[in-house]
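Handing you this structure, nothing more for now.
The values are calculated or read from the model by the stated rules, or taken from the named source; none is laboratory data. Keep in mind that what you see is a predicted model, and the values were worked out from it rather than measured. Reconstructed Cβ throughout: ideal geometry from the backbone, glycine too, with neighbour counts over all protein chains shown. Just the protein is used for accessible areas: all its heavy atoms, side chains included, with ligands, DNA and RNA removed. Shrake-Rupley method; radii C 1.70, N 1.55, O 1.52, S 1.80 Å.
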Amino acid sequence: MPTQATLIDSLFPAELDPKPGRRARRLLAEAIVVTLVSSLLPIAMGVPEGGLIALFLISASQSGRLAQLLEENRNAIYVTHTPSSLANRRTVVGIFWIFAGILVGFALVAIGLGEQEVSRFFGFTIRAAELGEGGLRGRMLGSAGSILAHNTAVTLVIVGICFIYQSYGAMLVLGWNACVWSFVLTVLVARDLGTESSAAAVAMASLAVLPHLAAEALAYIMASLGAIYASRALARHPLGGSIQREVLRVTLSLFAFSLVALVVAALLEAWVAGPLLTLL
C-alpha cells in the first residue's frame, strides 16, 4: 500500500490492478490529476515561477506510488520468485506511465495558460531549453554524438540524485524533465500554429520528436531505478553479501539498458527527428 503523503493520494485506490491495461490507465490518470491540481494552486496564488512549487508538490505526492512500485518489485523477486528481468520490466513500465501522466498534465496546463503566462509561471522551462524565436518545424537538433554526450551527462546527474534521495529524487528529476518537455513542445507547436503553417505539418513535426523522447524517458527511468537499487543495496545489506551482489548485478544491467536507450534516442533525434523537422 502506498504512503498517503497528501489528501489527493487518499482519493485513489491503494492497490494497483495486475492487468497491464488497467494498471497503465490508473497510473496515467493519477499522474494527470496530481499534476493539474499541483499546478493550479501556485498559479491561483499568482506566485511567479510557481511551476517550481508545482514540481515539488507533484514529487511529494507521486513518490508514494513510486515507493509502492518498488515494494511490489521487491516482493515479486524475493517472495513470489518472479524473474528479476520480468519484475523490473513491469516496474519500468509503471514508472513510464507516471512520467507520461505528468507530461500530459503539464501539456494541458501549458495549453490553458498560453505562452505569456507560461513565461510567468514556468519561465524556467523556456530558459532551460534556450528556445529563442521560431517554432518546432525546421529546428536542427544536433549530431548524434553531441546529443548522446549531453543526455549521458544528464543521466549521470539523475543517477547521483536518485542514489542519494531515492524515490523522492527520482520523482523530482523525472517530473523536471516532463515539465520542461511539455512546456517547450507546447510553446513551439503554438508558435507554429500561430504562423501560416498547416495543422498537418505541425502535427507531423510533433510526431517526429515523440519516438526519441520516449526512448530518452525510458533511459532516464532505468538509470533512476538502477541508482535506487544500488543505494538500497548498500544501505540495507551486508557489504559483499549475496543479496547485495545480486542487486548490484541487476543495477549494472539497468545501467547498460539505459545506455542502449540513450544511443537509440540520440540516433532517432539526429537521424529521424532532425531531418524531418528540417524538411517540414
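Say each of Glu246 and Val260 gets a label point 7 Å from the Cα, pointing the same way as Cα to Cβ; how far apart are those two points in nm?
Rounded to a tenth, the inter-label distance reads 2.3 nm.
Please compute the volume of the convex hull spanned by the alpha-carbon atoms of the stretch 1-101 and report it per residue in Å³.
89
For the stretch 1-159, with all protein chains present and a 1.4 Å probe, just round the carbon and sulfur fraction of the accessible area to a whole percent.
On the way: 5300 of 7960 Å².
Roughly 67 percent of what the probe reaches on the stretch 1-159 is carbon or sulfur.
At 0.36 nm per residue, and after removing the present C-alpha to C-alpha distance, how many nm does the segment from Leu234 to Leu207 gain when stretched out fully?
Difference between extended and current length: 5.6 nm.
Rounded to the nearest 0.05, what FRET efficiency is calculated for Arg22 and Glu133 with R0 set to 41 Å and r the Cβ-Cβ distance?
0.40
At 1.4 Å probe radius, can you tell me the per residue accessible area of the stretch 160-280 in Å²?
That works out to 44 Å² per residue.
Give me the Kirkwood hydrodynamic radius of the stretch 144-280, using the inverse of the mean 1/r over all pairs of distinct Cα atoms, in Å to one decimal. Intermediate results must be reported in sequence, preceding the final value.
Working: mean 1/r = 0.0610 Å⁻¹.
That comes to 16.4 Å for the stretch 144-280.
Same structure, new question: When every alpha-carbon pair in the chain is counted, what percent end up more than 32 Å apart?
Details: 10063 of 39060 pairs.
Of the Cα pairs, 26 percent sit more than 32 Å apart.
Which of rounded, prolate, oblate describes the stretch 51-113, given a ≥ b ≥ c as roots of the alpha-carbon gyration tensor eigenvalues and a/c under 1.5 marking rounded, otherwise prolate only if a/b is larger than b/c? Kindly include the intermediate steps, with their values, before the conclusion.
Values: a/c = 5.40, a/b = 2.41, b/c = 2.24.
It is prolate, given that a/c is not under 1.5 and a/b is the larger ratio.
Sticking with this one: Between Trp271 and Leu156, what length in nm is gained on full extension when 0.36 nm per residue of separation is reduced by their alpha carbon distance?
Working: separation 115, 0.36 × 115 = 41.40 nm, distance 2.41 nm.
Extra length available between Trp271 and Leu156 comes to 39.0 nm.
For the stretch 213-280, what percent of Cα pairs sit more than 13 Å apart?
Tail of the P(r) past 13 Å holds 66 percent of the pairs.
Also, quick follow-up: Which ³J(HN,Hα) values in Hz, rounded to whole numbers, follow from the phi angles of the stretch 97-102 under the Karplus curve 6.51 cos²θ - 1.76 cosθ + 1.60, where θ = phi - 60° and Gly and Pro get x?
Working through the residues one at a time gives 5, 5, 4, 4, x, 5 Hz.
Which distance in nm do the two modelled labels at Val33 and Leu7 give, with both placed 7 Å along the Cα-to-Cβ direction?
That separation, rounded to one decimal, is 1.4 nm.
Continuing with the same structure: Taking just the C-alpha trace of the stretch 112-182, give me its Rg and Dmax in Å.
When restricted to the Cα atoms of the stretch 112-182, Rg and Dmax are 14.6, 40 Å.
What is the percent of Cα-Cα separations in the stretch 48-188 that go past 19 Å?
Roughly 59 percent, once rounded to a whole number.
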